[in-house]
Amino acid sequence: MEVHSQVIQLLFSGLTIGSIYALIAIGFVIIYNVTGVLNLAQGEFAMFGALISISLINAGLPLWAAVIFSMLIVSVIGALFERTAIHPARKSSVPTLIIITIGCSIAFRGIAILIWGTQPQSLQPFTDNTPIKFLNAVLLPQSIWSIGIAILILFAMIYFFNKTFVGKALTACVVNPFAARLMGINPEKMSLLAISASAGLGALAGIVTSPISGASYDMGMMLGLKAFVAAVVGGLTNAPAAIAGAFVIGILESFTEGLWSSGAKDVVSFSMLLLILFIKPEGLFAKASGKRV
Amino acid sequence: MKKLWLLIFLLISMLLISACNSDSKSASGSNESDSDTIKIAGIFSSSGGAAPLGEPGLETLKMIVKKQNEEGGINGKKIELVTYDDKSDQNEAVLAMKKAITQDKAVAIIGGTISGNALAMLPLSEQNKVPFISTASSRQIHQKEDGTAREWVFKMPQDDSHAVEKLLQYLKEKGHSKVAWLNVANSFGTGAHAEFKKSARKYGIEAVIEDEFEATVKDAKPVLTRVKKAKPQALIVWGTVQETSVVIKNIRELAIDLPVLGSHGIGSQQIFNLAGDSANGVIFPGGRLIVADQLSDTDPQKEILLNYKEEYEKEFKKPVSLFGAHPWDGFYILVKALEEKGTDRAAIRDYLENNTSEFVGLAGVFSLSPKNHNGLTPDSLVMIKIENGKWVLEE
């Protein structure tokens with residue numbers, strides 16, 4: 001394989017992985033901005049999304065219906081999670097809340113083992129998965145789905161936060177919860193909304209991933225961790241920045257693996273995280289000051 | 001700055017949590033005592049993460065003990081089987097071992113589904129001088145660091161080195177001298193990699209590229225682009241079902257037109273679901289059990305393999321698995337010793353070690369010796385090819 005086609009191949013792989021991280025990273029950002037909590041159970045929403053959609057398809061539902069129902073079910077799980085775990089402890093300190101989310105992520109994995117067992121499962125690609133040749137590199141239709149959905153969500157986010165009433169209301173809760181309350185916005189309702197929406201997005205990420213790498217009860221941990229790194233590298237306070245961060249991490253990993261060694265992949269991405277935290281803790285793409293979201 | 005440290009702390013704690021999560025379910029065990037019986041203990045991971053491996057083992061052992069008792073037991077004495085579930089947890093495994101030895105006073109112990117558990121259990125067997133027949137695969141279970149055999153421990157499954165050697169033999173026969181080696185980055189993969197490096201030269205085989213992929217691999221195409229550039233004649237992907245499926249799919253997607261070889265860890269029905277058509281043509285060293293019906297009639301194992309398959313599938317209404325075969329081998333090797341030597345533990349140990357030769361079992365033909373408490377050779381494995389959702393014996 002010649003060098004230029006290898007580079008293109010690595011770019012495709014990086015974009016695919018980056019788009020998966022991006023979908024989960026958005027969830028981190030939304031929840032973090034609205035509630036101030038880093039939800040470390042975010043990867044588990046992806047796991048639920050993947051496994052539920054596989055079960056629905058096995059039960060005979062068409063793909064589109066399985067995707068929608070799975071996202072809805074996971075949103076409800078997210079809402080339950082907010083009401084039963086986050087809401088009662090909302091007056092606690094942030095580290096307490098974060099520890100609660102870690103506890104929930106372990107509980108979610110346990111529930112998944114009870115329902116689906118430990119065996120990995122797989123999902124058929126969304127459309128015919130014949131690789132597309134491009135300058136001697138190949139791109140899979142499933143990767144296009146994944147990248148496309150991430151980009152679509154990116155624009156949807158920008159539109160939602162800047163142009164819609166609910167989006168503005170969410171932003172208002174972040175900028176100044178007290179003033180928002182005076183304006184008739186209920187921050188607690190917004191927290192519920194943010195967490196269930198993030199859960200639905202996380203579910204979508206899991207569904208898109210499972211034709212690529214399979215789905216199992218423990219898939220959420222590593223996905224969540226990498227998406228977290230991506231969100232911090234890009235900027236935890238800004239959804240588009242987090243998405244950009246996710247693509248940077250994906251491409252960085254892919255090039256490290258393709259040109260150097262697979263073992264060095266995690267070393268590079270976690271070193272990148274530390275470097276960003278020391279040099280530019282607000283993230284690569286976030287504005288240094290100003291409001292969140 | 002405070003936030004920064006919090007983030008780092010969180011990251012470290014997440015990694016720690018991911019490194020040590022285990023699960024547990026309820027225990028099972030039975031206690032009876034009767035001097036007219038021979039007591040054997042079975043310790044398996046019938047719940048928890050290793051349950052898919054432990055369950056067939058426990059079921060098989062129960063089935064064959066019942067059968068042996070119906071046929072008159074051993075020299076007129078019935079066998080009493082005490083079973084424990086170690087919940088895929090090392091501490092539980094050690095506790096079960098202690099109970100089996102001190103309370104049940106079992107004559108011998110069969111079990112230890114996964115290597116970690118078996119390794120944790122074996123010091124108790126050595127200290128208390130109780131024969132322990134392990135059904136987990138690590139070579140360290142029956143061999144000490146210096147390569148000599150552990151006194152009281154025997155091991156039924158093949159060593160990983162047997163699978164690697166079988167693979168190398170096959171590559172040599174086919175004339176592939178330049179190969180690419182990829183292994184999953186855990187003890188299963190790195191252990192095999194060490195064996196590969198040790199033995200490859202003996203077979204005149206050279207790795208033009210060696211690398212790893214993680215067990216949670218999503219896209220192995222980046223590393224495969226390097227494999228393609230190295231121009232090997234064959235590609236070895238050493239992992240278990242899930243990660244191997246991903247890598248195989250990526251190989252097909254990149255249209256790398258080379259023979260693909262897998263490990264003995266992919267011989268499970270799941271590969272058909274997870275890898276689909278991509279799995280076609282993949283060749284791996286595996287036990288004879290899954291291709292029993294295709295063996296030649298002169299194969300000494302054919303008859304017992306088919307019998308076991310029929311009995312197990314009739315009793316439990318599910319496909320047979322090699323993990324059930326190891327307790328079968330352990331039990332029947334032990335039965336011979338019990339028939340000859342009664343219930344004296346030291347005599348049983350000596351008999352197992354010196355008088356088990358050419359024993360035809362499910363995993364292979366065992367010839368134990370004081371130096372080798374496993375007794376299998378690479379020939380206990382055959383090369384199996386995946387073709388359209390079927391296992392095909394590769395000559």
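The values are calculated or read from the model by the stated rules, or taken from the named source; none is laboratory data. Here the structure is a predicted model, which is why all the values come from computation and not from measurement. FYI the Cβ positions are ideal-geometry reconstructions off the backbone, even for glycines, and counts take in every protein chain you see. Please note that ligands, DNA and RNA were not included when accessible areas were found on the heavy atoms of the full protein model with its side chains. Shrake-Rupley method; radii C 1.70, N 1.55, O 1.52, S 1.80 Å.
Anything in chain A that counts as a DSSP H helix reaching 18 Å or more along its axis (C-alpha) with Kyte-Doolittle mean of at least 0.0? List them, would you? Write out the running numbers ahead of the final one.
Details: long enough: A:3-35 (46 Å, 1.56); A:42-58 (25 Å, 1.14); A:63-81 (26 Å, 2.50); A:94-116 (33 Å, 2.03); A:141-163 (32 Å, 1.38); A:187-213 (38 Å, 1.01); A:219-234 (23 Å, 1.81); A:239-259 (30 Å, 1.36); A:264-279 (22 Å, 2.06).
Within chain A the helices that satisfy the rule are A:3-35, A:42-58, A:63-81, A:94-116, A:141-163, A:187-213, A:219-234, A:239-259, A:264-279.
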#### Entry: Isotropically averaged projected area of chain B, using the convex hull of Cα atoms (one quarter of hull area), nm²
22.3
### Query
About its Cα centre, how strong a charge dipole does the protein assembly as shown have in debye, to the nearest 20, once Lys and Arg get +1 and Asp and Glu get -1 at the Cβ?
2720
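So if I place +1 on the C-beta of Lys and Arg and -1 on the C-beta of Asp and Glu, and nothing else carries charge, what would the dipole magnitude of segment B:140-241 be about its Cα centre? I want it in debye, nearest 20.
Values: 17 positive and 14 negative charges, 110 e Å.
My answer is approximately 520 debye.
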### Summary
Checked against a 25 Å limit on the C-alpha separation, the offending pairs among B:K341/B:K371; B:K77/B:K336; B:K105/B:K317 are B:K105/B:K317
### Task
Select from B:A292, B:G361, B:A207 the residue farthest towards the positive end of the dipole of chain B; place +1 on Cβ of Lys and Arg, -1 on Cβ of Asp and Glu, and compute about the Cα centre.
B:A207
### Shape metrics for segment A:23-219, restricted to C-alpha atoms - Rg then Dmax, Å
17.9, 60
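In cubic angstrom, how much convex hull volume per residue do the alpha carbon atoms of segment B:242-395 span? Intermediate values should be presented prior to the final figure.
Values: hull volume 21.0 nm³, N = 154.
Value for segment B:242-395: 137 Å³ per residue.
Quickly estimate the mean residue ellipticity at 222 nm for chain B, helices only: each DSSP H run with n ≥ 4 gives -39500 (n - 2.57), and the total goes over all residues, rounded to 500.
Values: 12 runs with 164 residues, N = 395.
Mean residue ellipticity at 222 nm (helix-derived): -13500 deg cm²/dmol.
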### Query
Could you give the alpha-carbon Rg of the protein assembly as shown over 2.2 N^0.38 Å, rounded to two decimals?
1.05
### Task
Could you tell me the number of lysine pairs in chain A with C-alpha atoms less than 21 Å from each other, where the two lysines are 8 or more residues apart or belong to different chains?
11
### Message
Across segment B:148-237, what fraction of all alpha-carbon pairs, as a whole percent, falls in each successive 5 Å bin from zero upward?
### Response
3, 13, 22, 21, 18, 11, 6, 3, 2, 0
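Measuring with a 1.4 Å probe in the full set of protein chains, what accessible area per residue, in whole Å², belongs to segment A:23-219? Write down the numbers at each step before the final one.
Working: 8240 Å² over 197 residues.
Normalised by residue count, the accessible surface of segment A:23-219 is 42 Å².
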